[in-house]
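Take a look at the structure below.
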């Protein structure tokens, strides 16, 4: 049976280098499940791998969409399954990587079918977010759906807005739609989660932020600022600089927030992944040493 090798872990843990090594060893290709690297306009702030880092290995779902597109995990599930059907005709093993837990889940397990949301509901919520911030919307989610409130990443505007869209559009809790679908897959799935000591990981995150700034993250964010209302930009790495552009704090504070929020994001990624008992946890060095033996 064909095998999907999932390599995930928190931001800056070292996924890219390992996956490229494994792809060369297995003679295969890489499918990205990083929900920010899909977008062509986001490069520095998403730590998108460079051509040199890819080392000639084909990477799918990088630079595949524009920020104006309403691309979500449900569409990714459909598109990625179709892609895998093609890739598995040429490769017995394909690598899936990224740190976006919902997108990994979408492809490996499937997502619940959710009702359509009228555009005006979505537009209204985004206007409220812009006018009043996230806190009132999180409070509304708690009132409407305490279960979803406790499960979701409440610091992620996209997740909060999506849950409230369903609550407002249907009058039912978002969590009531969970568990309706299971997604049996016609391929074997091996799940590996990378980890490092916390201090080491946080140091790598801080270094990555410094590197991004040196590469021109501020200029990239300024160019994207007129498009800041798009879903793709409701994310760590850009929001902190947008607040600086708007005069809410100085540059030094923006840098501090970039590093702090990136560390918090890594912590949330780890929390999400630890809920899945199928992941085998390894250091990047141990995974690299195992090589194709990871499939055993």
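Here is how the numbers come out for the structure above:
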{"quantity": "Wholly within the stretch 213-294, helices (runs of 4 or more DSSP H) carrying at least 2 residues that are under 18 Å from residue 133 (Cα atoms), touching a helix residue (DSSP H, G or I) at 6+ places or on another chain (Cβ under 7 Å) and modelled with pLDDT of 95 or more", "calculated": "239-245, 251-274"}
{"quantity": "The stretch 11-22 - residue that is in a loop (DSSP other than H, G, I, E, B) and out of contact with any strand residue (DSSP E or B) (no Cβ under 8 Å at 6 or more places or on another chain) and, of those, surrounded by the most Cβ atoms within 10 Å (Cβ to Cβ)", "calculated": "12"}
{"quantity": "All positions within the stretch 19-37 that are in contact (Cβ under 8 Å) with a residue 40 or more places away in the chain and farther than 18 Å from residue 108 by Cα", "calculated": "21, 22, 23, 25, 26, 27, 28, 36, 37"}
{"quantity": "The stretch 145-158 - residue that is modelled with pLDDT of 85 or more and surrounded by fewer than 19 Cβ atoms within 10 Å (Cβ to Cβ) and, of those, nearest to residue 231 (Cα to Cα)", "calculated": "150"}
{"quantity": "Any chance residue 103 is assigned by TED's automatic domain parsing to the domain that holds residue 189, part of a loop (DSSP other than H, G, I, E, B) and either within 22 Å of residue 237 (Cα to Cα) or in contact with a strand residue (DSSP E or B) (Cβ under 7 Å, 6 or more places away or on another chain) (or both)", "calculated": "no"}
{"quantity": "Any chance residue 135 is surrounded by fewer than 16 Cβ atoms within 10 Å (Cβ to Cβ), in contact (Cβ under 8 Å) with a residue 12 or more places away in the chain and outside the structural domain of residue 240 (by TED's automatic domain parsing)", "calculated": "no"}
{"quantity": "Only listed residue being assigned by TED's automatic domain parsing to the domain that holds residue 272 and either surrounded by fewer than 16 Cβ atoms within 10 Å (Cβ to Cβ) or farther than 26 Å from residue 13 by Cβ (or both), chosen from 87, 96, 81", "calculated": "81"}
{"quantity": "Of the criteria (1) exposed (fewer than 15 other Cβ atoms within 10 Å of the Cβ); (2) not in a loop (DSSP other than H, G, I, E, B), which one residue 186 fails", "calculated": "(2)"}
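The values are calculated or read from the model by the stated rules, or taken from the named source; none is laboratory data. Values in this document were obtained by computation on a predicted structure and should not be read as measured data. With ideal geometry, Cβ positions are generated from the backbone for all residues, glycine too; neighbour counts draw on all protein chains shown.
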